[in-house]
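Please read the structure below before turning to the comments.
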Amino acid sequence: MGGVHPADKKITAAKPITPLAVPQTVAIPCAMHIGAPAEIIVQKGDKVKVGQLIAKATGFVSANIHSSVSGTVKNIGPVADASGYTKQAVYITVEGDEWDESIDRTPDLKRNIDDLKPEDIINKVHEAGIVGMGGATFPTRVKLMVPEGKKADAVLINAVECEPYLTADHRVMLEKGEQMLIGTQLLMKAVHCDRAYIGIEQNKPDAIDYLTKLSANYPGITVVPLKLKYPQGSEKHLIKAILGREVPPPPHLPIDVGAVVDNAGTAVAVYEAVMKNKPLIERVVTVTGDSVNNPGNFLVRIGTPISALIEAVGGMPDDTEKIISGGPMMGKAVNSLEIPVAKGTSGILMLPKSLAHRGEPAACIRCGKCVDACPMGLEPYLLSKLAKLKRFDDLEANHITDCISCGCCMFACPSNRPILDYMNFGKGKVLAIIKSRKK
Amino acid sequence: MSNLLTISPSPHAKGKETVPSLMYGVLMALIPAFLFSLYFFGIGALVTTLVSVGFCVLFEWLIAKYILNTKPQVCDGSAILTGVLLAFNLPSNINPFIVMIGALVAIGVAKMSFGGLGQNLFNPALVGRVFLLISFPQQMTTWPLPIENRLNYLDAVTGATPMSHDMLGKTDTVDMLMGATGGSLGEVAAIALIIGGIYMIWRKIITWHIPVSIIGTVAVFTLLVWLIDPTVCVNPLYHLLGGGLMLGAIFMATDYVTSPMSSTGKIVYGIGIGLLTVIIRLWGSYPEGMSFAILLMNAVTPLINKKFKPTRFGEIKTK
């Protein structure tokens, strides 16, 4: 159902992951996840090591945050992130690269998971501050704690990477395939289930071949090639494609149909946390764009300003007029080069003038292309009109809260109408109304 | 390089189709039918089409600029398309003044008085055509004979359409498929219209739902009546290939603005058009019912949109 076919432009698919030099200072925000911000536990002047806990999770839906560098806490203050809002952050001046001794930095694979108990895995995931690395940044621990009365019967690894340009997960699969599969085993064990599926879009045949070969040694794990379509990597659509089940509308969650979904990068992070004791302090980021000199995939410490990434690819091309954190369909346009790389930063995309601007909106011709494109079975033309008129009751009745903000409606609209802008506005208002009703 | 970055909400990517690209795509799909009509009706087809397009564009421009005080959008191709479709629904030897009146009604009354592109309830070309059919019944129902009148325009020799009651069943179906029959200038060659329809579906300008449901309904309905009583209804092939059925099903009923939004809605709309067309053809006083059927279903479209929603993802069906 629905979906669109944007040009996939995976220019960096063959570029190996390169570690990016540690910057001179980092700014690590304490809210890089969905849920409550972490509470900062270091003070100005404190010495920190790589991997040291600097902010503690507060509450059930929250995540720990660790220092990604060694050095001195220079300041604790606000930093603007990709959303444009400011968050509290720990600024650290880098001195050397001294890691916490408990972290196993050797490249050796650790395969033996037999002695681990599910609780151990979940605790480790929590300690390490792991969140969904596909972009939604939902704390992974919460997904692994299957509520009473529900049962997980399949772990799905989201390796679809359906956003154009991005290749971070693709490279992770090729270069850290074993780690990812062990991480998948850990996830299976944590939720007491014995099968897992790795969903990969068909535009990554090398990753499909490689992981299919590897997974022969991992009982219960199957690689599933998926049709090329955006948003194939949406959690609900991935479950539909692999298990043939539809997650009912909110407040239902994937676990209601027995599925636990985690991103490919997250699976690797789980492996590193559980088997190597390494918290989430770095991630792979694709830095790309049509006119970028030397685009690539980089292993980047959390908190690195994106200016350092742009420098690494040969600087910002002259025709750049828009920089996006994430992919072109759901990424956020940033207003500064000083925003830090966060746990959910999958890519930095520099768009030239020709792609940076929206077209002039024209009248809606009721062609229904937004209806055909909507993967949630909504009527975007109607919802955007209702949102413009602030008819929130009608918006709720027409299921605005189902919207996943994937952008297919606007991609498909021949009249360049700002459909999703209106829908996001309407969805925000309706969610607030629903919340106030419960009180 | 400007020093400022552009900021906007997502998505930052956009599909290739625009309103003009869709409108010109439909015009492309009409080219085969136009070539056939040039072959059969010659100069008359050319003059009528040009006059119709010219007046449609002119009226849209004048009304937008001087009455609505908006920036004229004639370049989006929709007025050209209305002009072509209006011409395709007229006999090729019709007086250009009549064409002008049709264009004025189509653009002025049916489209611009509602607020322009996207706002109209009824298909503008069909409103124009039906207005002319009621106002000029004689001129609108005498069709020039094909081929032999290629070089004649207003003085063409006329004959009946295969759809008129006394002619039904007497025309060769192969001629009807290829267009060698009397009729409005764009509707005669079923094969050319079908080629255009396949092109539009392939290019994803339209979906299959409306044309297939109309053609399917007409086929099934006429087949049933034909099997019960062949004196009421001739061979279903005549109904499928004759009159404005193909033009209507493929190009008129699929007009974006006046057709439903969801796939199920489109099928309901198509079935409605098919049923009404056959009812008017068999039991009405007009030999052809396509235009009326589409306009009637245009009026029902808002209700269809309300009732037939797309299937919501994950909807619990038992509730």
Near pairs, Cβ below 6 angstrom, 6+ apart or cross-chain, from segment A:1-23 (closer than 19 Å to A:Gly326 by Cβ) to any residue that is of a type in the set (Lys, Arg) and surrounded by 19 or more Cβ atoms within 10 Å (Cβ to Cβ): A:Gly3/A:Lys229; A:Ile17/A:Arg171
Where A:Val285 falls short, out of the listed (1) at pLDDT 95 or above; (2) of a type in the set (A, V, I, L, M); (3) open to solvent by 10 Å² or more (accessible area, probe 1.4 Å): (3)
Tally, over segment B:239-269, of residues that are within 23 Å of B:Val188 (Cα to Cα), within 14 Å of chain A (Cβ to nearest Cβ) and either open to solvent by 10 Å² or more (accessible area, probe 1.4 Å) or in a helix (DSSP H, G or I) (or both): 2
Yes/no for A:Glu148 being within 22 Å of A:Ile41 (Cβ to Cβ) and of a type in the set (Asp, Glu): no
Residue in segment B:287-295 that is within 14 Å of another protein chain (Cβ to nearest Cβ) and not aliphatic (A, V, I, L, M) present: no
Residue within segment A:55-62 that is part of a strand (DSSP E or B) and either among the charged types (D, E, K, R) or surrounded by fewer than 22 Cβ atoms within 10 Å (Cβ to Cβ) (or both) present: yes
Residue list for segment A:340-354, restricted to those being under 22 Å from A:His170 (Cβ atoms) and facing another protein chain (nearest Cβ under 10 Å): A:Leu349, A:Met350, A:Leu351
Residues that are in a loop (DSSP other than H, G, I, E, B) and open to solvent by 20 Å² or more (accessible area, probe 1.4 Å), drawn from segment B:211-238: B:Asp229, B:Pro230, B:Thr231, B:Val232, B:Val234, B:Asn235
B:Phe131 being at pLDDT 80 or above and not in a loop (DSSP other than H, G, I, E, B): yes
Residue tally, condition free of Cβ contacts under 8 Å to residues at least 40 places away in the same chain, among the β-branched types (Val, Ile, Thr) and within 14 Å of another protein chain (Cβ to nearest Cβ), over segment A:289-326: 3
Subset of segment A:218-274 that is among the polar types (S, T, N, Q) and either under 17 Å from the mean Cα position of the chain (by Cα) or in a helix (DSSP H, G or I) (or both) - its residue that is nearest to the other protein chains (Cβ to nearest Cβ): A:Ser234
Test: residue in segment B:34-55 that is within 14 Å of chain A (Cβ to nearest Cβ), at negative phi and open to solvent by less than 70 Å² (accessible area, probe 1.4 Å): no
Among (1) hydrophobic (A, V, I, L, M, F, W, C); (2) over 30 Å from A:Gly35 (Cα atoms); (3) within 12 Å of another protein chain (Cβ to nearest Cβ) - the single one A:Val334 does not satisfy: (2)
Filter pass, A:Ser102 being at pLDDT below 90, more than 15 Å from A:Pro23 (Cβ to Cβ) and among the polar types (S, T, N, Q): no
Filtered residues of segment B:66-105 (kept if open to solvent by less than 10 Å² (accessible area, probe 1.4 Å) and within 14 Å of chain A (Cβ to nearest Cβ)): B:Gly77, B:Ser78, B:Ala79
Near pairs, Cβ below 8 angstrom, 6+ apart or cross-chain, from segment A:408-427 (under 18 Å from B:Lys16 (Cβ atoms) and more than 7 Å from chain B (Cβ to nearest Cβ)) to any residue that is in a helix (DSSP H, G or I) and open to solvent by 30 Å² or more (accessible area, probe 1.4 Å): A:Cys413/A:Lys369
Extreme residue, farthest from A:Asn424 (Cα to Cα), among residues of segment A:315-337 that are acidic (Asp, Glu) and open to solvent by 40 Å² or more (accessible area, probe 1.4 Å): A:Asp318
All positions within segment A:131-152 that are charged (D, E, K, R) and modelled with pLDDT under 90: A:Glu148
Breaking point among (1) in contact with a His (Cβ under 7 Å, 6 or more places away or on another chain); (2) outside any loop (DSSP other than H, G, I, E, B), for A:Lys343: (2)
Any hit, segment A:363-377, residues being more than 8 Å from chain B (Cβ to nearest Cβ), closer than 26 Å to B:Gly25 by Cα and either outside any loop (DSSP other than H, G, I, E, B) or of a type outside the set (Phe, Trp, Tyr) (or both): yes
Those residues of segment A:68-98 which are more than 26 Å from the chain's Cα centre (by Cα) and under 23 Å from A:Pro19 (Cα atoms), in sequence order: A:Gly71, A:Thr72, A:Thr93, A:Val94, A:Glu95, A:Gly96, A:Asp97, A:Glu98
Any hit, segment A:135-148, residues being touching a helix residue (DSSP H, G or I) at 6+ places or on another chain (Cβ under 9 Å), touching a residue at least 40 places away in the same chain (Cβ under 8 Å) and over 25 Å from A:Ala38 (Cβ atoms): no
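The values are calculated or read from the model by the stated rules, or taken from the named source; none is laboratory data. Values in this document were obtained by computation on a predicted structure and should not be read as measured data. FYI the Cβ positions are ideal-geometry reconstructions off the backbone, even for glycines, and counts take in every protein chain you see. Calculation scope for accessible area: heavy atoms of the full protein, side chains included, ligands and nucleic acids excluded. Shrake-Rupley method; radii C 1.70, N 1.55, O 1.52, S 1.80 Å.
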